[in-house]
Amino acid sequence: MLVGFIIYTAIGLLCIILGLLIWKKQKVSLIHEYHYARVKKADIPAYSRLVGVGLIILGICLCAAGGFTLFKSSFWWIPTVIGFAGFFILMNKAQRKYNGSWFS
């Protein structure tokens, strides 16, 4: 499944690049404004680190899932679920701690 490998790897690499930009360059403008609207200026480094690392974890897991599809394994969904869970946990932690709550 070369197409699955290409798609998963491309999306994974995009997530890694965006995660690095958000974390290292603190480009929170890459996130929807709603998510960082109430984050204090002093908290932007910590907030961007959590969100960026979450995206990097997601990207690495998606690249791994692409590798699974390349070898025709039926277990590609395992790293995908782990990646999305890791991203959700870190994003939720960042939102609750620095922006008030996840849904507000």
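The values are calculated or read from the model by the stated rules, or taken from the named source; none is laboratory data. Predicted model only: the values in this text are computed from it and were never measured. Glycine also receives a Cβ, built like all others from the backbone with ideal geometry; neighbour counts cover every protein chain displayed. In case anyone asks, the SASA skips ligands and DNA or RNA and just uses the protein heavy atoms, side chains included. Shrake-Rupley method; radii C 1.70, N 1.55, O 1.52, S 1.80 Å.
Once the stretch 62-79 is narrowed to residues that are open to solvent by less than 40 Å² (accessible area, probe 1.4 Å) and farther than 13 Å from Ile7 by Cα, the residue that is modelled with the lowest pLDDT is Ser73. Scanning the stretch 1-13 for residues that are closer than 17 Å to Gly86 by Cα and either touching a Phe, Trp or Tyr at 6+ places or on another chain (Cβ under 7 Å) or open to solvent by 80 Å² or more (accessible area, probe 1.4 Å) (or both) yields Ile11, Leu13. Note on the stretch 14-61: among residues that are within 13 Å of Asn99 (Cα to Cα) and open to solvent by 80 Å² or more (accessible area, probe 1.4 Å), the one that is modelled with the lowest pLDDT is Tyr34.
Any residue in the stretch 41-49 that is of a type in the set (Val, Ile, Thr) and within 16 Å of the chain's Cα centre (by Cα)? Scanning the stretch 41-49, I find no residue that is of a type in the set (Val, Ile, Thr) and within 16 Å of the chain's Cα centre (by Cα), so the answer is no. Please tell me if Arg49 is under 18 Å from Met91 (Cα atoms) and in a helix (DSSP H, G or I). Against the criterion (under 18 Å from Met91 (Cα atoms) and in a helix (DSSP H, G or I)), Arg49 qualifies. In the stretch 21-39, the residues that are touching a residue at least 60 places away in the same chain (Cβ under 8 Å) and of a type outside the set (S, T, N, Q) form Cβ pairs under 8 Å with partners that are surrounded by 18 or more Cβ atoms within 10 Å (Cβ to Cβ) and not in a helix (DSSP H, G or I), at six or more places apart or across chains, as follows: His35/Asn99; Tyr36/Asn99; Ala37/Asn99; Arg38/Asn99; Val39/Asn99.
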